[in-house]
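The values are calculated or read from the model by the stated rules, or taken from the named source; none is laboratory data. These numbers were taken from a predicted model, which means no experiment stands behind them. FYI the Cβ positions are ideal-geometry reconstructions off the backbone, even for glycines, and counts take in every protein chain you see.
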Amino acid sequence: MSPNEWDDVGSAAGGLERAAAILGAFDASHRELTLAALVSRSGLPRSTTHRTAERMIRLGWLDKPKDRYRIGNRLFEIASLAPIRLQLREAVLPFLQDLHSATKTTVQLGVLDGGQILVVEKITGHRPMPMLSQVGGIVPAHCSALGRAILAYSDSATIDAVLSGDLARRTPRTLTDPVAILRELTAIPPRGWAVEREEGNIGVSCVAAPIFGPLGEVAAALSVTGPSGVIRPQAAGPAVRLAAAAASRAYSARR
């Protein structure tokens, strides 16, 4: 490869890294950003941020209806093609809807992404819970029912990677001792569902069950979440487990 070709490769790689830094500046709490905020959150120089963002607008990756930048529709179109959306979400969504109708509380679908749970789908209905992560948001795996439902059926390397990471204390009830968390994980398979009581948010509890793929591997988890006075694990657990089992069959049939 000639020196000029190497320069082109380096320039393209640098451009992708700058675009990634700008996209990474957005999250569930920062959906629209001024140029100053985009500079601050991306860590790029102001001129670089402005130049890269303008290019991303032309590509449809960003939008800027007034004085604030936001994610563009083209990225939404591309994201909809990802297997996690096209296969998992479409297969599981009817069962999330059934579970929401039965429980009248928030239901969520999540997958493990490193030491976090990525929220793939969420149905809130008429009882929204703003303290919960939105679709595309993340929650810690160690102190969420979604995370525990997946970890309970994961291999030891996956569990060790999560438990050796940052086990942050989100509330006074959050379990941060790996031994205590392992004890919780061990109790999940015999009953078929995981429980989290006010470990992520005070006053909020959650019950989750795993979703399996065609080879029996754990692929995701679904949950019901609501006020602790409403979520009773012994009542919600069997319904969540049945919904997850039906979702597992539907998901496996699509693979």
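Select from region 185-217 the residues that are modelled with pLDDT of 95 or more, over 25 Å from Pro172 (Cα atoms) and under 20 Å from the mean Cα position of the chain (by Cα) and list them in ascending order.
Pro210, Ile211, Phe212
Could you list all residues from region 22-64 that are over 23 Å from Gly137 (Cβ atoms), in contact (Cβ under 8 Å) with a residue 24 or more places away in the chain, aliphatic (A, V, I, L, M) and surrounded by fewer than 17 Cβ atoms within 10 Å (Cβ to Cβ)?
Matches in region 22-64: Leu35 only.
Given Ala246, Ala209, which one is surrounded by fewer than 17 Cβ atoms within 10 Å (Cβ to Cβ), in contact with a Phe, Trp or Tyr (Cβ under 6 Å, 6 or more places away or on another chain) and in contact (Cβ under 8 Å) with a residue 60 or more places away in the chain? Please lay out each step first, then the result.
On the way: Ala209 fails: surrounded by fewer than 17 Cβ atoms within 10 Å (Cβ to Cβ).
Just a single option satisfies the conditions, and that option is Ala246.
Please note which helices (runs of 4 or more DSSP H) are completely contained in region 34-120 and include at least 3 residues that are touching a helix residue (DSSP H, G or I) at 6+ places or on another chain (Cβ under 6 Å).
Working: elements: 35-42, 46-59, 73-79, 90-103.
Here the list reads 35-42, 46-59, 90-103.
Hey, can you tell me all the residues within region 48-97 that are modelled with pLDDT under 90, among the polar types (S, T, N, Q) and more than 14 Å from Glu121 (Cα to Cα)?
Matches in region 48-97: Asn73 only.
Can you name the condition, by its number, that Cys143 falls short on among (1) at pLDDT below 90; (2) in the same structural domain as Gly192 (by TED's automatic domain parsing); (3) surrounded by 16 or more Cβ atoms within 10 Å (Cβ to Cβ)?
(1)
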